[in-house]
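The values are calculated or read from the model by the stated rules, or taken from the named source; none is laboratory data. As the structure is a prediction and not an experimental result, all values here were calculated from the model. Please note: Cβ atoms are built from the backbone with ideal geometry, for glycine as well, and neighbour counts cover all protein chains shown.
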Amino acid sequence: MEDENGMGCITTDSDACLATTWGDELAEGFSADRGNRVARNAVTSMDVMKAARDQSTLRTYHDTYGVSLKTAKTVTNQRHSGRCWMFSTMNVARSEAMRRLDVDDFEFSQVFGMFYDKLEKANVFLENIIATAERPVDDRVVSLLLDSPVPDGGEWRFCANLITKWGLVPKADMPETACSKDSTQMNGHLSRLLRRDALTLRRAAADGEGVEGLRGRKVAMMADVHRVLCCCLGEPPATIDLEVEVGPHADVPAEKVSAQLPKDDDADDKPRRVLRDAKITPRQMVERYVGFDAADYVELISVPGDTRPFGHAFGVRWFDTVEGGRPCRFLNEPIEVLEDAAVASLEAGHPLYMGCDVGQCFPRHTEDFPGVIALDGMDVEGLFDVQLDMDKADMYDMRESSMTHAMTFQGVEVGDDGRPAAWRVENSWGKESCKDGYIVMSGDWFRLYGGNVVVRREFVPDDVLHAWDTAKLEMLEPWTPLAMAVRCDG
């Protein structure tokens, strides 16, 4: 209905409606202010991040660290996909492979992991549809399941379960494809296929078919999913022939290493040591040359709030993606606990998985400072003349912050106060992104917008380790703030 001024308000409360004259007055006042005009001209010509960056502050950050690990020559690139959590986990795993092989570079196939991630997610999706078949279609859980049947997003435990169950292969044995570089079309068609399957299962259940019969139908549905994945990503190898030149300190079976004489035109006339291990399975690759055991790791988060006490372990319903795998488990601790464990890991020479809200205060696409992420590097409040400050707990409650991106800690600079002043972070956006693929992250930025690390048990204090081992797991609904915070989407 219209009010007496013909404003088109649909409410009877005049105070709830924005008057057109009010907007005109604000626009006139905005233009009269010189600072507003400068901000408008800057933002409309170069976007918010470029206009808000503080050059005088950003140029004070340097990529020098007291602890800086030797990293692989290759900077990984997830392309247009949400596989950051997988890339970060595999970047940690490859550091162990490089140590065992005594090589300067190595990369695992993220497509191999992606294939089985999609396959496992499809299986869990159909199992969850069977489990909720008696609920109405507009039930909150059913709606959540149908919203995104096989998303790219995930977190460390997802990849850890994939490595444990399916293993790893070198990238050359299953390279990137068009659909792994940009997963949009593949995900769309898989989602439609699975939603159609969900419809079939729900209708069969409504007609009285039991769980055994529904799972019988699921077998054929999973065969369809497998076929689509093979078309999009290629067939995953059952065995590989590992052949790699290894260094003199390689920790590998001596009987599998042979000397290879140099070529006549080779300037370096030293014989090369070549490891050849034929017809090994992806799981044997892990056992022999990575040594990954998910039980050796502790996953710590720091998500403060009255309903999320520190020292408690949390899980999330409808969250796990590998049927029969270890369930996701997060131990909530103060951020200083995460920092100390991360520093201990780096000082011992082990990089580690980390999760953070990478979209906050990050001038990613600026040409001059694309690799610096810090609280004082962006002055958005000054640019817009508004207040944006919120504490960490409130940001999680209000859905302003979450662990949107996973990367790898590779170094740290500890300040005079004994706390991390800056982190060296390996990203998975390729060498051309950030600063040669790496980020300089200030310590205070991570304390506010970071909140997830995965470290070996040996680097966790005894009291925290005891809590990890003994704390009763509190299961949360997937729409709660903590559950929303822990899944990386990018």
query: Could you give every pair whose Cβ atoms fall below 6 Å, whose first residue belongs to the stretch 175-200 and is under 14 Å from Cys231 (Cα atoms), and whose second residue is among the hydroxyl-bearing types (Ser, Thr, Tyr), counting only separations of at least 6 or pairs across chains?
result: Ser183/Ser81
query: Considering Leu199, Leu190, Leu194, which residue is at pLDDT 95 or above, assigned to a helix (DSSP H, G or I) and under 27 Å from Phe108 (Cα atoms)?
result: Leu190
task: Test Gly325 against the stated conditions and say whether it is out of contact with any Asp or Glu (no Cβ under 7 Å at 6 or more places or on another chain) and outside the structural domain of Gly167 (by TED's automatic domain parsing).
output: yes
query: Of Ala122, Ala93, Ala133, Ala51, which residue is in contact with a helix residue (DSSP H, G or I) (Cβ under 8 Å, 6 or more places away or on another chain) and at pLDDT below 95?
result: Ala51
task: Take the stretch 288-330 and flag every residue that is touching a residue at least 40 places away in the same chain (Cβ under 8 Å), outside any loop (DSSP other than H, G, I, E, B) and either at positive phi or not hydrophobic (A, V, I, L, M, F, W, C) (or both).
output: Tyr289, Asp296, Tyr297, Glu299, Gly315
- request: Please name all residue pairs, on different chains or six or more residues apart, with Cβ atoms under 7 Å, provided the first residue is in the stretch 384-409 and is within 12 Å of Cys356 (Cα to Cα) and the second residue is among the aromatic types (Phe, Trp, Tyr) and assigned to a strand (DSSP E or B).
  value: Ala406/Tyr353; Thr408/Tyr353; Phe409/Trp423
field: Count of residues meeting criterion [crowded, with 23+ Cβ neighbours inside 10 Å and touching a strand residue (DSSP E or B) at 6+ places or on another chain (Cβ under 9 Å)] in the stretch 317-330
entry: 3
Selection from the stretch 48-71 of residues that are closer than 28 Å to Thr184 by Cβ and either without any contact (Cβ under 8 Å) to a residue 40 or more places away in the chain or hydrophobic (A, V, I, L, M, F, W, C) (or both): Val48, Met49
